[in-house]
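This report refers to the structure that appears directly beneath it.
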């Protein structure tokens, strides 16, 4: 198959969606498919070999300027190339342009309007470039926030459209009105422009079916998968000090503050062994006050010397960090649809303690690699951590089960095989006229309209 995967760059941040897209594209290429992994907004940052295309569509600087300065909606291509260059995008990325949903409502709605939004020029540039490419068997959108591109891509390139669902609700629910209502309206109105929606977890299917009004028959599940190279199950330590670990984006919704509170309660339990708290993950400037509050709380509890923040390490550093942990937890405060770092922790034999919610439930139940506790409950989380720190035989059993379960259910090869099955089905449906792309003489590409 020849596949186009659009992937939304997250500037210099290690992004779970980018890591997934890059790992999947790499695996599909290795299986003989012709895959174009095409970044939009910014170049992607990955902790493995990056197989994405060298240039970026919908350059973040252009998208921003066209949203706020009408003149830039009509500038000629030779000028656009200046701020669309990777050098300009990387400079802008280092400035960490704020991605707070509260500040992006109007731009989100404009992008969802596709050909009718302020970024129409970017849509036309994308379509012209793709028309010169060999025909694609399927086109994948990285999330529903880009569903406004589905119809122009489908009508111009005559290929079925697949859209992955992986956390849009968290962003949409933080949009201020009237942008939230308008964004949801636009997404729901575009459901028919997509041939198939892919959820990254079973739990997300019924939720997103209700939330975006997608028929469940139009949804498939494609669980996450990671490259196992370098992830080596560690021998369970049976002498303290022990390390309670967190790895994830440093942001309120990922729950580091809840883990800190649970750690405080853990340290007050009689018989708790000597421990420390280790956290790592990317932190945006806008979340530094949040992190400072976590540090302040730990100081107030007299635990600051037991806490260490390891920053945002590369792949080797991440694995080394995970292998220091004796128990892992990322107690997100929402129904997380992915759980990428849980899978990575278990791949290294680290047992996990997670709130019973979202994808966490099915990951723990499928792998047998950890404990589920009540959500948003620091006492329950502390009890789970205590159980594994004081019963090292049980921790070892869960660690072994998790490492085996991840390799059985969440390897990149498993993900790629499932992706093949799903995409072949979409392609077959297109060839048989069962999707919105009709077979026959109209399979050639459609000439583009003028920019006027």
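Scoring 207-214, 1-8 by mean Cβ neighbours within 10 Å over their residues and listing the highest first yields 1-8, 207-214. Descending by average beta-carbon neighbour count within 10 Å, the peptides 40-46, 272-278 line up as 40-46, 272-278, the highest first. The separation of the stretch 339-358 from the stretch 3-63, counted between C-alpha centres, amounts to 25 Å.
Treating r as the C-beta distance of residue 397 and residue 274 and R0 as 22 Å, the FRET efficiency rounds to 0.45. For the chain, the 222 nm mean residue ellipticity estimated from helices alone, with every DSSP H stretch of n ≥ 4 adding -39500 (n - 2.57) and the total spread over all residues, rounds to -13000 deg cm²/dmol.
Taken together, the values in this text are just the output of simple stated rules run on the coordinates, not laboratory data. On a predicted model such as this, the values are computed, not experimentally measured, just so you know. Here the Cβ is made from the backbone with ideal geometry for all residues, glycine too, and neighbour counts use every protein chain on show.
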